1. Per residue of segment 263-269, what does 6.51 cos²θ - 1.76 cosθ + 1.60 with θ = phi - 60° give for ³J(HN,Hα)? Whole Hz please, x for Gly and Pro, Karplus curve as stated.
2. How large are Rg and Dmax for segment 167-281 when only the alpha carbon atoms are used, in Å?
3. For a footprinting-style exposure proxy, rank Leu79, Leu200 by other Cβ within 10 Å, fewest first.
4. Against the longest principal axis of the chain, how steep is helix 130-140, in degrees 0 to 90 to the nearest 10, with axes from Cα atoms?
5. Apply the Karplus curve 6.51 cos²θ - 1.76 cosθ + 1.60, θ = phi - 60°, to the phi angles in segment 158-167 and return the couplings in whole Hz, x for Gly and Pro.
6. For a quick check: with amide H placed at 1.01 Å from N, whose amide H comes under 5 Å from Leu163's, ignoring anything fewer than 5 positions away on the same chain?
7. Using the C-alpha gyration tensor of segment 30-276, what are the square roots of 5 times its eigenvalues, in whole angstrom, with the largest one first?
8. Taking θ = phi - 60°, what integer Hz values does the Karplus form 6.51 cos²θ - 1.76 cosθ + 1.60 yield along segment 109-119, in sequence order, with x for Gly and Pro?
Amino acid sequence: MEKNAAPKRSHRLVPKDNRNTVGENQVDNFKMRCEQVSVFYDNGATKAINSVSLDIGDNEVIAMIGPSGCGKSTFIRCLNRMNDTIEGCKVDGRIYLDGKNIYDKDVDVVPLRARVGMVFQKPNPFPKSIFDNVAYAPRIHGLVTNKSETEELVEKSLVRAGLWNEVKDRLNQPGTGLSGGQQQRLCIARTIAVNPEVILMDEPCSALDPIATAIIEELIEELRQEYSIAIVTHSMQQASRISQRTAYFHLGDLIEIGPTEQIFLNPLHQLTQDYITGRFG
Ligand SMILES: Nc1ncnc2c1ncn2[C@@H]1O[C@H](COP(=O)(O)OP(=O)(O)OP(=O)(O)O)[C@@H](O)[C@H]1O
Ligand SMILES: [Mg+2]
């Protein structure tokens, strides 16, 4: 056999001009189910997401990948109605959390965003102390009732986020005074302090060094035992290490979804193949 020959595929790839989603987009034990989700910006002038349907399973990490501008952040922001905060942005379709459509009129977004927490690409600590950054939401949601409970929860959350040792002697200093990577771990501690059921992460490690990244990846694996996690990443190595399923987006379409190993080793769609082999993106 010719040296370095590509592995033989057992199937024909779906051609580029066929943009319907390929792969299994639903799972039996789903925590969230998205049906025909479309997102428009500029009061409907631009369509950023085109009728995407997918499930997020219990106890799974689902990775969202695709070229810059394909709509990954837009899509993930739908899952806790973060797009509501963007003027001129409109979301169509249905997204169920435990069977309830989170876009129903009677849904209060404040408890929704505690149940479906979010970690952004750019760390955004509150202009408060390190301690209060973590304690703020648990206090608001009534998860702690006294000082010692609050201290215990703050310490536990910072330990889990891999930040405790670096900040335990400076908890009263402002969160904004930490390094970028430390701020990101603070934001993760803040998110997990309210015990969310689903955690959305939009390129959470892009500002972190390899050691901090490894801590976060271990944390993600630990969190998966109890929660569901959707993570946007530009690192295919990271997606392979931490996710069980992967969704590949291209120009607002969900092109392919399936078990992570299959997406990276034996994709069904030509566009997925082009992306993972570095032909564009
Ligand atoms: N607030 C906004 N107002 C108008 N258009 C927007 C807004 N946010 C995103 N878009 C547009 O929606 C499309 C998808 O953007 P999005 O940020 O979701 O992509 P992405 O896949 O997250 O990209 P990246 O990998 O660069 O983060 C782009 O064409 C972008 O210009
Ligand atoms: Mg993005």
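1. Each residue's phi maps through the Karplus curve to give 4, 8, 9, 8, x, 9, 10 Hz.
2. When restricted to the Cα atoms of segment 167-281, Rg and Dmax are 16.4, 53 Å.
3. With the sparsest Cβ surroundings first, the list reads Leu79, Leu200.
4. For helix 130-140, the angle is close to 90 degrees.
5. 5, 5, 5, 7, x, 10, 3, 4, 7, 10
6. Placed amide hydrogens put nothing under 5 Å from Leu163.
7. The equivalent ellipsoid of segment 30-276 has semi-axes of 30, 21, 16 Å.
8. Computed from phi, the couplings for segment 109-119 are 6, 5, x, 4, 6, 7, 6, 10, x, 9, 10 Hz.
Values quoted throughout were computed directly from the atomic coordinates according to the rules given, and no laboratory measurement underlies them. Bear in mind that the values here come from a model prediction, so they are computed numbers and not experimental data. Reconstructed Cβ throughout: ideal geometry from the backbone, glycine too, with neighbour counts over all protein chains shown.
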